[in-house]
Amino acid sequence: MNIAQVFTQTLKQSGKKLVVLLPFSWLLVFFLIPFLIVLQISFSESRIAQPPFTDLTSFVDDVYTISLNLFNYIDLYEYDLYLSGYISSVKIAFTATTLCLLIGYPIAYAIAKLPPHTRNLALMLVILPSWTSFLIRIYAWIGILKQNGLINNALMGLGVIEQPLEILHTPIAVYIGIVYAYLPFMVLPIYTNLVKHDSSLLEAAADLGARPIGSFFKITLPLSVSGIVAGSMLVFIPSVGEFVIPELLGGPDTLMIGKLLWSEFFNARNWPGASAVAVVMLLLLILPITIFQRYQAKDLEEQANEH
Amino acid sequence: MKAIKKLALATACAVATTGAMAEEKVLNVYNWSDYIAEDTLANFEAETGIKVVYDVFDSNDVLEAKLLSGKTGYDVVVPSATFLARQIQAGVFQPLDRSKLPQYENLDAPMMEKLTSHDPDNAYSIPYLWGTTGIGINVGQVTERLGEDMPADSWDLVFNPEIAAKLADCGITMLDAWDEVVPTVLNYLGEDPKSTDTALLNGKVKDTLSAVRPHIRYFHSSQYINDLANGDVCVTVGWSGDILQAMDRADEAENGVEVSYVIPKEGAGLWFDMLAIPKDASHPENAHKFLDFLMRKDVMAGISNYVWYPNAIPGSKEMIDEEITSDPSIYPTPEVEKNLFTFPVYAPKFDRAGSRMWTALKSGK
Amino acid sequence: MSTNKTNKLSWAILLGGFAFLYLPIFILIVYSFNESRLVTVWAGFSTKWYGELFEDEQMMSAVWMSLKIAFLSASAAVALGTLAAIALVRSGAFKGKTLFTGMITAPLVMPEVITGLSLLLLFVTMSQVLGWPEGRGSLTIWIAHTTFNMAYVAVVVSARLRELDRRLEEAAMDLGANKFQVFIYITLPIVAPALLAGWLLAFTLSLDDLVIASFVSGPGSTTLPMVVFSSVRLGVSPKINALATLLVLAVAMAAFIAWWFMRRNELQRQKEIRSAFSQ
């Protein structure tokens, strides 16, 4: 082996290592370590100082002590507002995800049925709104939903209602906001799944006399479960921690954990408490996250087997 | 190659000169949004040659979070006095060097005396603007619902459940700042607004607020300006200047909405926004220059004329529009002034109790 | 007969869906031409807000700041995310792969508040311990955006890489191409649409982010969403509607051009295949 070969060999080796090392270390520094810091702070105590929490470790009289303070977690458990906050976040996210699925599935299905070149155009039309500022679109919804906004003015003008409906600052507005913002995340995975289906299956079923509705529930729907799960998780998980939508569209009684965390951090200046809220929220989300990853892995295996 | 050498030389020179000049000509200011006259910064830049990087915030909370995490990068910040008091305890500011503030004597001496309860010896801060926390009213909608003899000069408008119920459909809003609302309620109930009795907080105060809670549309510290001007809400507990701004906007839009601001007869809270320099500011010299600039009579008169808030420089009053100085809701008359109280500074324990009571109240639990 | 009915139904669904998605955008566009400052009152046609938009220094500088950060973080995210995808799909097993896979997907589902808070605390700690980053500003926003964006890019690109037929690459190598050439001439063109999609997604996410940026921003690094968010104070100015309209227009045009090119390529390819068969 000559030197050049050794050189290229090492280069290849190190190149391969670099491919792993670069993103790995980036995530380590900017994702894992921050999370560990949050974990650490959740075990400290808040105080009036800069930074506003105590050190876990102290070095007094040659004794190195580490003190883990469970107060924030006990407090979290005892203070019932947080419990109801978690429950109501999950409820709101679940309802919004269901609505999203009910609206998103038919859209994905209709797109998958289109001729191939129109499909891409339709798909692009679904994604296009997300490419404009999210906040601006949410503000547009405020204008539509508010007391003397578009919907109320239209309904009152038509004489359907006499008193304006209160929609803004209610849970309904939050549902509309979440469904609106996350609809593409539901449509895309379902569409990707549906478009792969073998249409000959449906034709065979039709030949055997199955009605379209029957074969939809017996064949298409079961086959698209992995798309449904992926889409639902992509909507559900971020909705649980949503802050902007309940803050802008929700009312004061729309209790969501993202808002509670925000107020614990900013209004109560309780950084350790806010960190504990974050840790518990993440623990809460581990189950849906694993479900999501498992289905993704399964989907990919199937794809791999096809090749 | 030559070009590179030249560039290196130039950079070296630049470094050398900035070193000699002590401070680069930059100043980072973090102030409330819409809280300065349109030409103030340009005038300061023209006079001193210092480039101002001006960022804005919307709540004391966001400012405090930044200050407490350290190294904000800002040279001048504008917290409210109650927040400032806690931030001084946390040690985030540097003491002011009065030898660099020749205009210091322009400040209102009695006011400075009052402020020592927040900033002992006035060591760290000077007042910028001040105001009251009162009630903004959509006159037309409220009169329509309550008749001519409405208690327009009383906190009954928001804290009396019977009256609040009548106003619920046109919209009542409240500041999302418990540390101002709680003292206001205490004062309304005839208690000491500075009380830090937790039993009182979770008892009478919470009961009063809970009783009107179903009639309150939202808790927010800035959204009400626009909503009041548009006629989307009709009664709001808010800051004087903001409500006056709503008044101005309604006039401008000619939408038939008449907004007025009242300091209720029971009395109202007085707040101060303070100028201070963070400990780790990188341009303290420039910051002192800016503070000094903001104590000049003509400068502060210009700002008050623009934002409709009174300032702490008595000498500027004659340069402020009479429309503003003669308005008792902006410059309170001596009788009204007797009923005004400053918002207290809370210890951490009461702080937590208060903010939890507030969160629970807002969510209707 | 029944297919006809289903067709009609699916058209109705699509129309309904698009109406829902485009209603707010339609409203934005209409009111950006409104004479009145108030969003709910129509007072005649005017283009004055477009003029005022370009004169508003604060907003324009926020727009530039946002575009700059979005461009840089999307580009960095594509580089890092593609490497991550290659590591995931092609590197076989390596130490810490489970952790790596977990870390790649976790930012996708991490609530923004947690990401923002944790990164702020990291930057604070780092500047205390290492003295870097010295303060917070566009650099720290860029780092934060790159981190969550690379996760999205990695997911998009790895999906494409898995679909990629390895035999193509092997065939090229058999014909004497080296690894680098295979990557440039075979792998890259096939993965390119995914890279583009990933870049666009990252660009959008960065442009839209309010929560994380508010946590990690510093002096002179106010982004567009921060300006928009604080403008609720005095109501959404029609200037913002005008800005949104311009954004929609630019995006729609870019999307349409992309679609047209894709369509043309597709037709071209079909033609080539057909002619290849006929020969």
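One table, with the values for the structure above:
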{"item": "Burial order of peptide ranges A:256-265, B:114-123, A:190-199 (average beta-carbon count within 10 Å, highest first)", "result": "A:256-265, A:190-199, B:114-123"}
{"item": "Region A:75-196: proportion of alpha-carbon pairs further apart than 20 angstrom, %", "result": "59 percent"}
{"item": "On Cα atoms only, tilt of B:60-69 relative to the major axis of chain B in degrees", "result": "40 degrees"}
{"item": "Karplus-derived 3J(HN,Hα), 6.51/-1.76/1.60, for each residue of region B:173-190, Hz, glycine and proline x", "result": "10, 9, 4, 8, 9, 4, 6, 9, 6, 4, x, 5, 5, 4, 5, 5, 7, x"}
{"item": "Extent along principal axes [Cα atoms of region B:232-330; Å; largest to smallest]", "result": "49, 31, 30"}
{"item": "5 Å-binned pair-distance histogram of chain C (Cα, whole percent)", "result": "1, 5, 8, 11, 12, 13, 13, 11, 10, 7, 5, 2, 1, 0, 0"}
{"item": "Candidates B:Pro110, B:Pro278, B:Pro183, ranked by Gaussian network fluctuation over chain B, Cα under 10 Å, top entry", "result": "B:Pro110"}
{"item": "Summed residue charge, Cβ within 11 Å of B:Val205's Cβ, Lys/Arg positive, Asp/Glu negative", "result": "-1"}
{"item": "Neighbouring partner chain Cβ atoms per residue of C:10-23, average, 10 Å criterion", "result": "6"}
{"item": "Antiparallel %, DSSP beta bridges [both residues in the protein assembly as shown], to 5", "result": "65 percent"}
{"item": "Positive-pole candidate from B:His220, C:Val113, C:Ala70, dipole of the protein assembly as shown, charges at beta carbon", "result": "C:Ala70"}
{"item": "Tensor-based shape of region A:78-306 (alpha-carbon gyration tensor, a/c under 1.5 rounded, otherwise prolate or oblate)", "result": "oblate"}
{"item": "Under 11 Å, Cβ to Cβ, from B:Trp271 - net charge with Lys/Arg +1 and Asp/Glu -1", "result": "-3"}
{"item": "Net charge dipole size for the protein assembly as shown [Lys, Arg +1 and Asp, Glu -1 on Cβ; Debye, nearest 20]", "result": "5200 debye"}
{"item": "Per-residue mean of C-beta atoms belonging to partner chains within 10 Å, peptide C:223-230", "result": "5"}
{"item": "Relative frequency of Cα-Cα separations exceeding 33 Å in chain B, percent", "result": "34 percent"}
{"item": "Size-normalised alpha-carbon gyration radius of region B:258-312, reference 2.2 N^0.38 Å", "result": "1.57"}
{"item": "Distant-in-sequence amide H partners of B:Asn28 (H built 1.01 Å from N, under 5 Å)", "result": "B:Val53, B:Asp75, B:Val76"}
{"item": "Number of partner chain Cβ atoms within 10 Å, mean per residue of B:217-228", "result": "4"}
{"item": "At 1.306 mPa s and 10 °C, Stokes D of region C:159-279 from Kirkwood alpha-carbon radius, µm² per second", "result": "84 µm²/s"}
{"item": "Cα-centre dipole for region A:78-306 with unit charges at Cβ (Lys and Arg positive, Asp and Glu negative), debye to 20", "result": "300 debye"}
{"item": "Cα-centre dipole for region C:58-237 with unit charges at Cβ (Lys and Arg positive, Asp and Glu negative), debye to 20", "result": "180 debye"}
{"item": "Within-12-Å neighbourhood charge of B:Asn43 [Cβ basis; K, R +1; D, E -1]", "result": "-4"}
{"item": "Relative intensity, log₁₀ I(q)/I(0), of the protein assembly as shown from a Debye sum that treats every alpha carbon as a point, q = 0.04, 0.05, 0.06 Å⁻¹", "result": "-0.21, -0.33, -0.48"}
{"item": "Note, ³J(HN,Hα) from phi for region A:75-91, Karplus 6.51, -1.76, 1.60, rounded to Hz, x at Gly and Pro", "result": "4, 4, 6, 7, 8, 5, 4, 5, 4, 5, x, 4, 4, 6, 4, 4, 4"}
{"item": "Rounded to whole Hz, the Karplus (6.51, -1.76, 1.60) HN-Hα couplings of region B:308-321, x for glycine and proline", "result": "6, 10, x, 10, 9, 10, x, x, 8, 4, 5, 8, 8, 3"}
{"item": "Mean separation of Cα contacts under 8 Å, 6 or more apart, over the residue count of chain A: relative contact order %", "result": "25 percent"}
{"item": "Cut-off under 5 Å, modelled amide H: who pairs with B:Thr342 long-range", "result": "B:Leu270"}
{"item": "Amide proton proximity set for A:Phe53, modelled H, under 5 Å, gap of 5+", "result": "A:Arg47"}
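The numbers here are math on the coordinates, done by the rules we state, and not lab data. Since this is a predicted model, take the numbers as computed values, not measurements. Ideal geometry is used to build each Cβ from the backbone, glycine not excepted, and the neighbour counts take in all protein chains shown.
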